[in-house]
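Report on one structure; see the data block that follows.
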Amino acid sequence: MRRDQLEPDRRRSARVDPGADRGRSGGVLFDAVLLDRDGTLVEDVPYNGEPEKVRPMPGAREALDRLRAAGLRLGVVTNQSGLARGCFTAGQMGRVHARIEELLGPFDTWQVCPHDDGAGCGCRKPAPGLVRAAAADLGTTPGRCVVVGDIGRDMTAALAAGASGVLVPTPVTRAEEVAAAPHTAPTLPAAVAEILRRQAAVVPAVPGTAGTVLVVRSDSAGDVLVTGPGIRAVAAHARRVVLLCGPRGRAAAGLLPGVDEVVEWPLEWIDPNPAPVDPQRIGRLVRRLAAVGADEAVIFTSFHQSPLPLALLLRLAGVPRIAAISDDYPGSLLDVRHRVPSGVPEPERALSLAAAAGHALPTDDEPRLRLRRDTVPAAPSQLGPPGYVVVHPGSSASARACPPELAARIVRVLADAGHRVVVTGGPGERELTARVAAAGGTDLGGRTGLAELAGIIADAGALVVGNTGPAHLAAALGTPVVSLFAPTVPFGQWGPYRVPTVRLGDADAPCRDTRSAGCPVAGHPCLAGVDPAAVLDAVRLLGVPTSGAARAGADGVVGADDMGGGPPALAVPAGRGSGR
């Protein structure tokens, strides 16, 4: 279990030990940018061993200098199978890298995989070994790194390490790679501009302090969990934090650090199945909000929700300062009207609103999802030692659920490969989980609340799940995720945040960006075509052994040598121009 991602006790998040293995830069999003070489930094010349053929990509030097000026460290992570094939020597490659540094400036680490595809190494992208090695060499963690590359292998390696990824397509980038990328940019300078914008967005222009702050996230459990970093940022500057949430998010609210009190109240303009508006009930809500005695309110919403109805009620309740994200004109309803570009990860969206209101994470807290330790029980002893694989087939939105027949096949393939499989689900999913677990798993469907589910996921080697609440629970626990992601909403916005992840499914299916809760296309094509063997490969890529041993290594995943053996990556000290 990643114990550093749980609060050590019931204390507020601003006053807890951050854990020994966390990055040292606090609430700032990124420490480093790791770049692919060919097609990203320089023109792709196959198996190039000649320095005179090095041609920087347009605007590369200026973009890299912007990153250096912002205090970000730079690394190169690159596959160079030409070494294994004898197309060039290590000395020739070193002279190529010396020329790259002459043209583009120095890099703080060079990490190169010198192996061919058949070597079985853990460093050749799409494996995450190079990203992990670069982060370690820079004294940070993959979660605090952004990987910029031009093909899908770069993005898969980034996600599998728990890093952020930005794809800069070139003519050789396949359309399906573009569709599946968490984020894209048309050029390297544009990618750098967006990285710096995201970095700046979570830093308040004017830091503030507050007494009692009412924070709001009236939505499902997963929505409440991804708002956690923003709530902790507010808690770092407030004497008292009260969270207003709906019934669907109440269980998650009880798991969040930084919250002193929870008020449960369904909101008719947020709930998917709302009751009719009742003036008397609205009046009771206004009185309840007034009783909080808030000096300030921060209304967290999803990108398709409006904060303005609640802002009006908060004004009637006498709250003097209100902050929210709103594209609609708010009139006098908001004191802080914040705007966020589309596609920003939900945790960062929340952090940026908190920053706009004057609140940032303290330097001893990480911008990742977290839970309070005292809320997470131990996994049932019947499951045995840590390291099993959890399969969670259901979802409150059927469009995002794994088809039952596919889930059963996944369980069978995992079990046949030697994995212990645990199948989980909510109270209304007992029939589903029994059918899926019959293929070779332990059925825990309907037998756990959210906290108990967290205890089970915490000891898992990996979680196989759709885009639903348990994926964010896994992210908060540091448990790697095989994400069967239906593209009804953007993956870069709603995918598991800062946890090793492999995305599977058709990213460009007809349901893409429809926001549909029910599958709008017959046959569920975005997930129905997933090969269970690909799930097994994903579990292996995430480094989960079949022996039932617990995960090990930095950031909650095994090291590159545990991912199939083979020779290690080639690492060369910065400034010598001989690594990649």
Hey, among the residues in segment 268-289 that are open to solvent by 30 Å² or more (accessible area, probe 1.4 Å) and in contact (Cβ under 8 Å) with a residue 40 or more places away in the chain, which one's nearest to G249 (Cα to Cα)?
-> D271
Residue in segment 159-192 that is farthest from V241 (Cα to Cα), counting only those that are in contact (Cβ under 8 Å) with a residue 60 or more places away in the chain, open to solvent by 20 Å² or more (accessible area, probe 1.4 Å) and in a helix (DSSP H, G or I) = A175
What do you reckon, is V521 among the aliphatic types (A, V, I, L, M), in a helix (DSSP H, G or I) and over 23 Å from the mean Cα position of the chain (by Cα)?
-> no
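Please go through segment 255-264 and give me each residue that is outside any strand (DSSP E or B) and touching a helix residue (DSSP H, G or I) at 6+ places or on another chain (Cβ under 6 Å), ordered by number.
Filtering segment 255-264 down to residues outside any strand (DSSP E or B) leaves 255-260.
Of everything in segment 255-264, those that are outside any strand (DSSP E or B) and touching a helix residue (DSSP H, G or I) at 6+ places or on another chain (Cβ under 6 Å) turn out to be L255, L256, P257, G258.
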Matching residues, segment 411-436, being open to solvent by 10 Å² or more (accessible area, probe 1.4 Å), closer than 26 Å to G543 by Cβ and free of Cβ contacts under 8 Å to residues at least 40 places away in the same chain | A415, D416
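For segment 110-126, give me the residue count where each residue is in contact (Cβ under 8 Å) with a residue 40 or more places away in the chain, of a type outside the set (K, R), in contact with a helix residue (DSSP H, G or I) (Cβ under 8 Å, 6 or more places away or on another chain) and open to solvent by 10 Å² or more (accessible area, probe 1.4 Å). Full working, then the answer.
Going residue by residue through segment 110-126, those that are in contact (Cβ under 8 Å) with a residue 40 or more places away in the chain are 110-115, 119-126.
Now restrict to residues that are of a type outside the set (K, R): 110-115, 119-123, 126.
In the following step, the residues that additionally are in contact with a helix residue (DSSP H, G or I) (Cβ under 8 Å, 6 or more places away or on another chain) were identified as 110-115, 119, 121-123, 126.
Okay, now just the ones that are also open to solvent by 10 Å² or more (accessible area, probe 1.4 Å), so 114-115, 119, 121, 126.
Number of matching residues: 5.
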Determine if segment 343-355 includes at least one residue that is surrounded by fewer than 18 Cβ atoms within 10 Å (Cβ to Cβ) and within 30 Å of T488 (Cα to Cα).
-> yes
Starting from segment 194-206, take each residue that is more than 20 Å from P182 (Cα to Cα) and list its partners that are buried (at least 18 other Cβ atoms within 10 Å of the Cβ), counting only C-beta distances under 7 angstrom and pairs at least six apart or across chains.
-> V203/A355; V203/A360; P204/A355; P204/G358; P204/H359; P204/A360; V206/G358
Contact list, first residue from segment 81-96 and closer than 16 Å to D44 by Cα, second anywhere and charged (D, E, K, R) and open to solvent by less than 10 Å² (accessible area, probe 1.4 Å), beta-carbon distance below 8 Å, six or more apart or interchain, is M93/R580
What do you reckon, is A180 hydrophobic (A, V, I, L, M, F, W, C) and farther than 15 Å from L35 by Cβ?
-> yes
Residue list for segment 42-72, restricted to those being out of contact with any Ser or Thr (no Cβ under 8 Å at 6 or more places or on another chain) and of a type in the set (D, E, K, R) | E43, E50, E52, K53, R55, R61, E62, D65, R66, R68
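In the set V292, V259, V319, V336, which member is within 24 Å of L473 (Cβ to Cβ), crowded, with 16+ Cβ neighbours inside 10 Å and among the aliphatic types (A, V, I, L, M)? Give the steps one after another, and end with the answer.
Numbers: V292 fails: within 24 Å of L473 (Cβ to Cβ); V319 fails: within 24 Å of L473 (Cβ to Cβ); V336 fails: within 24 Å of L473 (Cβ to Cβ).
The conditions single out V259.
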Selection count where residues are modelled with pLDDT of 90 or more, crowded, with 20+ Cβ neighbours inside 10 Å and in a loop (DSSP other than H, G, I, E, B), scope segment 531-552 = 3
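The values are calculated or read from the model by the stated rules, or taken from the named source; none is laboratory data. Just so it is clear, the model here is predicted, and its values are computed rather than measured. No Cβ is skipped: glycine too gets one built from the backbone with ideal geometry, and neighbour counts run over all protein chains shown. Side chains included, ligands, DNA and RNA excluded: accessible areas come from the protein's heavy atoms. Shrake-Rupley method; radii C 1.70, N 1.55, O 1.52, S 1.80 Å.
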